[in-house]
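Here the structure comes first, spelled out in structure tokens, and everything after it is commentary.
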Amino acid sequence: MHIPNRLLRVVYAESQNVLIASDVRGRIHKFDLALNLLQSSPAVTYDRPVNSLCLSDKYVFTKDRAGAIGKWDLATLQPLDFYDEVMICDRRDLFEDEEPSPSPNRGIAYLNGKVYTNNGYTQIVVLDAETFEVIDIRTSPSPTFFDCICVGNPELHALSDVEGKLYIGNLETNEFPVQAQVDTNVVHGVVYDARHDRFWTTQDGGLGEDKLVRTGVTTIEKDGTGFQEYKISHEDNEFIQFDQDCRNLFVGGFNGKIFIFDNETKEFRLKRVIGPLDFQIIHAAIVSEDQIYALLQTGDLIQLDRRGVEVNRALFHNRCVWILEPHPDDESLLYAGTDEGVHLIRYGPGRFDTVHLEQLEKHVHGFGITKDVKPLPDGSYVGISRSGIAFQAERDGTIRWYRQVLGVPRGVALSAEYDRCMVATDEGTVWEFCTEDGSVLDRIPVGSPVYACAYALDGRRIVTADQHQMVHVYPPDSHERLGSIQFTLRLKRMMRGSAGEIYVTGGDGMVELDLENYAIKKQFVKYLTNTKENGVYCEGHMYVGGYGYQVGTYRYEDGEMVDLQEYLPDFSKAFAARVPEDGIPILLVGGRSGYINAYRIYDGIPFKVREYYIR
């Protein structure tokens with residue numbers, strides 16, 4: 001059977017020798033170890049993404065991104081009991097009319113007949129696993145959410161939060177005398193090392209000068225001493241697990257690789273690297289050194305052996321709309337970068353104030369995931385793929401030229417004259433090509449991962465840099481920096497507006513840059529959770545979204561949020577908007593799972609009309 005929706009977490013159920021996984025629609029699934037789908041749960045009212053997942057011998061326990069806590073039968077996957085996210089709280093410690101905050105945190109654990117997890121207010125909820133009655137709702141030692149609750153040591157537990165802090169103590173007494181800063185961002189995983197009586201953690205952000213440049217794993221003694229780091233990536237590290245006797249440690253993340261450490265001695269000993277796989281790894285289940293089950297952000301679940309050879313793959317058709325770029329002379333024609341290549345889509349007003357959407361063509365070039373594409377006036381386009389390719393294709397998809405670059409290409413930009421294009425890479429070099437023949441015009445050595453780039457109308461070249469979270473501006477013909485703008489979190493994308501405005505997105509929201517004074521001009525971020533990926537301006541309003549399954553509407557003039565659409569089908573990644581001939585603006589929002597939501601806009605507020613899926 002095919003998996004119906006994108007998976008988010010996977011764990012090994014030893015009592016049944018199966019894998020249990022959760023998905024973006026609030027359901028759970030059971031696989032045998034050959035990745036045959038055996039069962040799927042029925043749909044329930046709580047149909048939101050499930051990031052928190054743990055097991056007992058009889059039950060599956062979940063928490064969705066809104067904070068609803070659920071219980072399912074492990075044998076049948078039948079739903080048994082759920083607590084609503086709004087009411088499962090101790091209101092004595094909350095603000096008046098406080099509402100739960102959506103969060104993708106993963107912290108949940110089963111221990112001695114009880115379930116422990118955060119609610120949507122960051123309090124710790126304790127439930128009786130058998131009756132599912134509330135035992136306690138406590139104040140958390142952390143001011144924010146826990147992303148991991150490690151109970152591998154029955155007497156001493158370790159909790160990690162989304163701000164890089166580790167808490168070591170006892171979950172049952174809620175006492176955590178040892179606290180340590182092990183990262184500057186989310187610590188997705190903590191494991192107890194029974195062989196050496198210590199804890200290991202992942203890093204997402206890195207510490208000090210390594211912030212957003214070099215990340216890895218850490219070890220720390222039970223009393224908080226002996227902290228050590230080992231760097232393996234510049235991106236998020238999403239999972240960490242031991243095999244059964246703690247002889248081998250497995251860790252992986254957004255660089256698509258699995259790092260296997262020999263834990264025979266206390267020193268870091270990296271013995272093998274698997275990958276890179278097709279895309280970013282978001283979770284994994286380790287049954288043995290020869291049975292590795294890696295879950296990719298695409299939704300693909302893959303079984304690997306100890307050498308990294310693919311043994312089995314679950315049946316799933318991954319789709320994603322990465323970008324929606326209008327043709328420079330025909331804004332109703334969109335070029336969509338997708339997991340397969342480039343889709344051409346026409347949109348406009350439909351009858352009775354609906355929205356017309358039509359997929360015209362699909363170009364599959366063989367380069368894999370096409371994360372960014374920019375069309376030229378003649379209908380051709382430049383694009384980048386995760387496989388390291390920058391290319392240009394004709395209007396019908398015929399490839400004009402392609403070039404291999406170092407690292408993973410993260411963004412592509414076209415000059416105002418369409419004669420040059422830049423490609424940003426996480427290797428730290430920005431490449432500049434002639435669009436006519438693909439010849440290399442320049443290489444800008446930025447020196448740290450670069451996720452985005454853009455040309456100003458006057459030809460200045462604008463690039464991001466992960467080191468110190470900077471935007472740097474270069475002249476058209478040299479590497480001398482004209483100015484820089486500093487941010488606090490990683491920057492993800494950059495785009496040029498219709499009047500030449502330059503916007504950048506990331507953890508700090510969607511930001512318009514002042515390139516005369518090298519400063520932030522406007523910032524749109526309030527109430528959006530997680531990384532802000534993309535956005536678009538239309539008729540006095542900014543529409544912004546990202547990894548929070550949200551679309552926020554802000555007045556451009558003062559940055560005030562006037563509307564928030566939540567619980568989209570999946571991450572929002574692609575935005576387009578225009579005012580058609582009937583005068584009612586149209587907003588399109590596309591994202592992972594291959595959807596394009598179509599809205600008509602009235603007084604700045606988007607009203608959903610249609611949910612379309614690419615073919």
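The values are calculated or read from the model by the stated rules, or taken from the named source; none is laboratory data. Small disclaimer: the values here were computed from a predicted structure and weren't measured. Note: ideal-geometry Cβ built from the backbone for every residue, glycine included; neighbour counts use all protein chains shown. Keep in mind that these areas ignore ligands, DNA and RNA; they rest on the heavy atoms of the full protein, side chains included. Shrake-Rupley method; radii C 1.70, N 1.55, O 1.52, S 1.80 Å.
Close amide H partners of residue 284, meaning residues 5 or more places away or on another chain with modelled amide H under 5 Å apart, are 10, 295.
Dipole check for the range 372-453: with +1 at the C-beta of Lys and Arg, -1 at the C-beta of Asp and Glu, and the Cα centre as origin, the magnitude is about 260 Debye.
Given 0.36 nm per residue, what is the gain on full extension from residue 36 to residue 579 after removing their alpha carbon distance, in nm?
190.7 nm
Rolling a 1.4 angstrom probe over the range 73-212 with all protein chains present gives an accessible area of which 48% lies on carbon and sulfur atoms.
Computed from phi, the 3J(HN,Hα) profile of the range 201-208 under the Karplus parametrisation 6.51, -1.76, 1.60 (θ = phi - 60°) reads 9, 8, 10, 9, x, x, 10, x Hz, with x in place of Gly and Pro. Compute the Cα gyration tensor for the range 185-265, then decide on rounded, prolate or oblate, letting a ≥ b ≥ c be the square roots of its eigenvalues: rounded whenever a/c is under 1.5, prolate when a/b is larger than b/c in the other cases, and oblate in all that remain. In terms of gyration-tensor shape, oblate. Dipole size of the range 12-156 about its Cα centre, with +1 on Lys/Arg Cβ and -1 on Asp/Glu Cβ: approximately 400 debye, rounded to the nearest 20.
When each of the peptides 530-543, 477-490 is scored by how many other beta carbons lie within 10 Å of its residues on average, the order from highest to lowest is 530-543, 477-490. Summing charges over all other residues whose Cβ lies under 13 Å from the Cβ of residue 506, with Lys and Arg as +1 and Asp and Glu as -1, gives +2. Each Lys or Arg adds one and each Asp or Glu takes one away; over the other residues whose Cβ falls under 15 Å from the Cβ of residue 599, this sums to -3. For the set 374/532; 211/374; 222/257, the pairs lying more than 23 angstrom apart at their alpha carbons are 211/374; 222/257.
Selection among 448, 104, 495 by position relative to the dipole of the chain gives 448 as farthest towards the positive end (Cβ unit charges, Cα centre). Seen through its C-alpha gyration tensor, with square-root eigenvalues sorted a ≥ b ≥ c, the range 248-392 comes out prolate because a/c lies at 1.5 or above while a/b is bigger than b/c. Rounded to two decimals, what ratio of Rg to Rh does the chain give with C-alpha atoms and a Kirkwood Rh? Looking at the chain, the ratio lands at 0.96.
The 3J(HN,Hα) values that the Karplus relation (6.51, -1.76, 1.60; θ = phi - 60°) gives for the range 415-430 are, in residue order, 5, 4, 8, 6, 9, 9, 9, 10, 10, 8, 10, 7, 6, x, 10, 9 Hz. Gly and Pro appear as x.
Accessible area per residue for the range 327-428 is 36 Å², calculated with a 1.4 Å probe on protein heavy atoms, without ligands, DNA or RNA. Between the amide H of residue 321 and those of 591, 592, 593, 594, 595, distances stay under 5 Å, these residues lying 5 or more places away or on another chain, with hydrogens modeled in the peptide plane.
Heavy-atom accessible surface of the range 1-124, averaged per residue, reaches 39 Å², computed with a 1.4 Å probe. Summing Cβ point charges (Lys, Arg +1; Asp, Glu -1) relative to the Cα centre of the range 509-615 gives a dipole of roughly 440 debye. The string of couplings for the range 558-566 from the Karplus curve (6.51, -1.76, 1.60, θ = phi - 60°) is 10, x, 6, 6, 10, 6, 9, 8, 10 Hz, one whole number per residue in order, with x for Gly and Pro. Within the shell defined by Cβ-Cβ distances under 14 Å, the residues around residue 312 carry a net charge of -4, with Lys and Arg each +1 and Asp and Glu each -1. When a/c is below 1.5 the answer is rounded, else prolate if a/b is larger than b/c, else oblate, so apply that to the range 387-452 with a ≥ b ≥ c taken from the square roots of the Cα gyration tensor eigenvalues. Cα axes put the range 387-452 in the prolate bin.
Pairs from the table (492/521; 63/526; 63/492) lying more than 20 angstrom apart at Cα are 63/526; 63/492.
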